[in-house]
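No lab work stands behind these numbers, since they all come straight from the coordinates. It should be emphasised that the depicted structure is a prediction, and the values quoted were computed from it without experimental measurement. With ideal geometry, Cβ positions are generated from the backbone for all residues, glycine too; neighbour counts draw on all protein chains shown.
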Amino acid sequence: MRVGFRFSKAEEARFLSHLDIMRTFERSFRRGAIPIKYTEGFNPRPKLVFRDAIPVGVTSSGELAYVDLEGPISPGRVVDALNAVLPSGLRLHEAWKIAAHSKDALPAAKARRLELRFDPFEAGDGESIRANAEKLQASESVVVCRSKGGKKQEIDVRSGISEVSCKARPGGGVSVSALLALNSAAPKARELVDLLLSGVKKSQVEWECEKLP
Amino acid sequence: MSRFKPLQLNRLLYDVERPARYTGGEWNAIVKDFETADLRVVLCYPDVYEIGMSGLGIRILYDIVNSRANWLCERVFCPGVDMEGALGESGTPLFSLETRHPLCDFDILGFSLGHELCSTNVLTVLDLGGIPIRSADREDSDPLVLAGGSSCMNPEPMADFIDAFLIGDGEEAVVEICEAWEGTRGQTKSARLEELGRIEGVYVPSMARGGGSVRRRLVHDLEAQPFPTAPIVPSTEIVHDRVGIEIMRGCPHACRFCQATTCYGPVRLRSTERILDIADQSLRSSGYDEISLVSLSTTDYPEIEELVSVLAGRYSDGRVSISLPSLRPDARWIKLAAEVQRVRKTGLTLAPEAGTERLRKAIGKPAGTEGVVAAAATAFELGWRRIKLYFMICLPDEGDEDIEAIGTLVGEIASVGRKHKGGAHLNVSAATFVPKPGALFERAPQPGLEEIERRLGLLKRSIKRRDAKLSWHDPFSSRLEAALSRGDRRVGRAIARAWELGARFDSWDDRLQPGIWEKAFSECDLDMSHYAEREIPQGESLPWGFITHRKSSEAAVG
């Protein structure tokens, strides 16, 4: 039976990669004694699918995934069993049955919203970050450099940014909320940070990134 | 010093490779209250997390120390070069994984020294942890710097940096050391070290050796020793990512290049019942899908077929695979392979070591060539396609024809493999002979660098590309290992100098910097050839000669 679930990746798990999280879930299902179905063939893989790629360094409260389980199990039991055995930072919030052979197992994501919180180092940093954010919104093209297969490529990611807005934070910090498309034409979390911190002493600024549901 | 706020640590982690090396939070990690513990211990395998967490030594001791309610034991590993830079620049001390306390806040820092080429990493960990790298510079308030592991069979090169070595088995001695350290709180360090020096197996370099010798510590009943049943499950990938169970300690064979006969003997076993129990509890607790039966020669575990048969029966549908490293290619093995094939196969390793029967006999590994080929043939018949073959070159009494014979043997095995559907994938690993303390060949010479390179070239040419994939270590790496393995106390100066000049992670071929080591040895007026290349005459005393080993006694079977 197919079960969809929503989980969060909190502070302690911030730096786990997508593969780390997949492996951790696979083992957690075993620890929780909830048998997962495996694919047939020479190298059986667990039938566990994550809707989105999960980036390193970003926390999130709304990650979606589904898993095919052996035998009937109540979604509530899945939540309890898993939460008892997941390492700190990962937690299931809800689970639900997905009809067999349903075309779209999980609600499709339309975009990705990232919130970045900066605690500046020097007095003018907050202003610089705001100015960078406004410039991003106003620009027609934003170029980042990526390496693919050893070669460096320049990609214009402006089309992947639908919205960038700023808010002041208590203590002189800045919060930037960005709505990004879900394709390679959108900036990655780290690329966005670098763009916003341009002209600022990067190594001294405290910042964190959260993916909003 | 206070704990770090997660935010301060984050800033460092965004820019380093594999930040999950430093974040802890793993399932089954034991986190206690730092403030209320009566004794605080931190254990370190001096390499990166993914290598350090792959060994058993730290895991066993971690469990033992933590089993005392009022003792605390945490872990730390050597930070990558990028993290070392980030820690240094930000003035952040190296911290433990469980509660993120700086290493200098602990009572005991214990190193597991499994490889001589990790020596410079030990200095990195000490320095970044806020502890003076030399014992002589430490105050009474600095943690006790302890070391154990196979490299301690010759402790002399590290003697400047380690306050006390534990030579031999750690399970009982670690408790005695912790009790002694806890019990002498408030006394001067030298008084406390004197107390430690009375424990069997403990060597304190700064003190004169009473009786002139140190006896290697042995646990007689392996069955009675604790073994973890709730292994820590790293959240990120490590090299050996599975449940490792030590089924046997010591090795019944006497391969002349190997330290194990003297240094890990006599053979001691865990019972089948105990192993099955550990396996069951460990798999349930961890969620791992692979078990590895760890020993130096698995086919020599008396009840190996029964053990594997039961494991295979229990787990064949639960998708748990069984890994059996260290199999000897003989008739016994063939029976065993039939059992193991019932579960998902992992790779198979055979270690013929030498190319000719003659040389195999000379080094104490008497496997006939037909036996090796037959074993491989059986493996192919039973469905294995991936086989790893271990060979060693630069052995004493070796001639070019022995090296060429490796190529012939590999070719024979490859052609048998080709007869099977899917063909064979052979991975040949060529190690260079290193004379190790405690091995029967401990006095034998290693050829000079050019000669090692010549023989390696000969091996490369004799193995035709289509037969197998050949892997080898940088010859300089083996030379350095020999120099450090057979070094005396003066070599410590070269280690410190190399570290100052930037030597790090010397066991990784792509990080090893021969130029730095040549310079370090030369600045200290020491000659690497003296340590690596000499045939040491029988009458000459050895730097590690003060360590005594008991004669073999009966193996204790649970």
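In region B:212-287, a dipole from Cβ-located charges (positive for Lys and Arg, negative for Asp and Glu) runs towards its positive end, and of B:His240, B:Pro266, B:Pro226 it is B:Pro266 whose Cα lies farthest in that direction. If the viscosity is 1.306 mPa s and the temperature 10 °C, what Stokes-Einstein diffusion coefficient in µm²/s follows for region B:1-140 when Rh is the Kirkwood radius over Cα pairs? D, rounded to a whole number, is 104 µm²/s. Here, P(r) means the percent of Cα pairs in each 5 Å bin from 0 to the largest distance; for region B:101-243 it is 2, 9, 18, 20, 21, 16, 9, 4, 1, 0. Extension gain for the segment B:Val239 to B:Arg550, taken as residue separation times 0.36 nm less the Cα-Cα distance, is 108.5 nm to one decimal. In this calculation the C-beta distance from A:Asp52 to B:Glu518 is compared with R0 = 56 Å, giving a FRET efficiency of 0.65. If you take the Cα centroid of region B:237-265 and the Cα centroid of region A:59-103, the two points sit 41 Å apart. With viscosity 0.692 mPa s and temperature 37 °C, the Kirkwood radius over alpha carbon pairs of region A:69-131 converts through Stokes-Einstein to a diffusion coefficient of 200 µm²/s. Relative to the longest principal axis of the Cα atoms of chain B, the long axis of helix B:369-381 makes an angle of roughly 90 degrees.
Taking 0.36 nm per residue of separation and subtracting the current Cα-Cα distance, fully stretching the chain between B:Asp38 and B:Ser471 would add 151.0 nm.
Electrostatic bookkeeping for B:Leu97 treats Lys and Arg as +1 and Asp and Glu as -1; over the other residues with beta carbon under 11 Å from its beta carbon, the sum is 0.
Inter-label distance, A:Thr39 to A:Ala109: 2.1 nm, where each label sits 7 Å from its Cα along the C-beta direction.
Counting neighbouring Cβ atoms within 10 Å and putting the fewest first, the residues B:Leu109, B:Leu283, A:Leu106 line up as A:Leu106, B:Leu283, B:Leu109. Label point 7 Å out from B:Glu450 along Cα-to-Cβ: which residues of region B:520-542 have amide N under 17 Å? Backbone N within reach: B:528-530, B:533-534.
In region A:140-213, inverting the average of 1/r over every pair of distinct C-alpha atoms gives 13.8 Å as the Kirkwood radius. Using a Debye calculation, one point per C-alpha and no hydration shell, please list log10 I(q)/I(0) for region B:414-558 at q = 0.17 Å⁻¹ in order. Result of the Debye calculation: -1.00. Counting only lysines at least 8 places from B:Lys32 when in the same chain, those with an alpha carbon closer than 24 Å to its own are A:Lys9, B:Lys5.
Per residue, the Cα convex hull of region B:197-317 amounts to 164 Å³.
Please label the shape of region B:77-116 as rounded, prolate or oblate, based on the square roots a ≥ b ≥ c of the eigenvalues of the alpha-carbon gyration tensor (a/c under 1.5 means rounded; beyond that, a/b larger than b/c means prolate, else oblate). Verdict is oblate for region B:77-116. Residue-normalised convex hull volume from the C-alpha trace of chain A: 148 Å³ per residue. How many angstrom lie between the Cα centre of region A:1-39 and the Cα centre of region B:356-380? Comparing the Cα centres of region A:1-39 and region B:356-380, I get a distance of 45 Å.
Starting from one equal scatterer on each C-alpha and no solvent at all, send me the Debye-based log10 I(q)/I(0) for region A:27-128 at q = 0.21, 0.23 Å⁻¹, two decimals. The Debye formula, applied to the Cα set alone, gives -1.31, -1.46. Pairs from the list A:Lys37/A:Lys103; A:Lys135/A:Lys188; B:Lys365/B:Lys419; A:Lys47/A:Lys148 with a Cα-Cα gap above 22 Å: B:Lys365/B:Lys419; A:Lys47/A:Lys148. Shape summary: region A:87-162 maps onto an equivalent ellipsoid whose semi-axes, from the alpha-carbon gyration tensor, are 35, 22, 15 Å in decreasing order. Once the C-beta distance of A:Ser61 and A:Ala99 is scaled by a Förster radius of 25 Å, the resulting FRET efficiency is 0.45 to the nearest 0.05. Highest GNM mean-square fluctuation among A:Glu191, A:Glu40, A:Glu115, for chain A modelled with Cα contacts below 10 Å: A:Glu40. Across region B:350-410, the fraction of Cα-Cα pairs farther apart than 17 Å, rounded to a whole number, is 35%. Debye-formula intensities of region B:240-290, expressed as log10 I(q)/I(0) at q = 0.20, 0.24, 0.26 Å⁻¹, are -0.75, -0.85, -0.90 (one equal scatterer per alpha-carbon, no solvent).
Mean partner shielding of peptide A:14-27, defined as the number of other chain Cβ atoms within 10 Å of each residue Cβ, is 5. Other residues with beta-carbon under 9 Å from the beta-carbon of B:Cys178 carry, at +1 per Lys or Arg and -1 per Asp or Glu, a net charge of -3.
The ellipsoid equivalent to the alpha-carbon distribution of chain B has semi-axes of 37, 29, 24 angstrom, derived from the gyration tensor eigenvalues as √(5λ) and listed largest first.
Taking the centroid of alpha carbons for each part, region B:457-502 and region B:144-176 are 24 Å apart. Across A:Ala181, A:Ala111, A:Ala123, mean-square fluctuation computed from a Gaussian network of chain A (C-alpha pairs under 10 Å connected) peaks at A:Ala123.
Dipole check for the protein assembly as shown: with +1 at the C-beta of Lys and Arg, -1 at the C-beta of Asp and Glu, and the Cα centre as origin, the magnitude is about 2580 Debye. Remark: spin-label model distance B:Leu382-A:Val143 equals 6.1 nm, labels positioned 7 Å along the Cα→Cβ axis. When each of B:Trp472, B:Trp517 is scored by the number of other beta-carbon atoms lying within 10 Å, the sequence from fewest to most is B:Trp472, B:Trp517. The alpha-carbon atoms of the protein assembly as shown define a convex hull whose volume equals 183 cubic angstrom per residue. Expressed as an acute angle from 0 to 90° and rounded to the nearest 10, what is the orientation of the C-alpha long axis of helix B:304-315 relative to the principal long axis of chain B? It is inclined by approximately 80 degrees. Applying 1/(1 + (r/R0)^6) with R0 = 60 Å to the Cβ-Cβ distance of B:Ala136 and A:Lys151 gives a FRET efficiency near 0.70.
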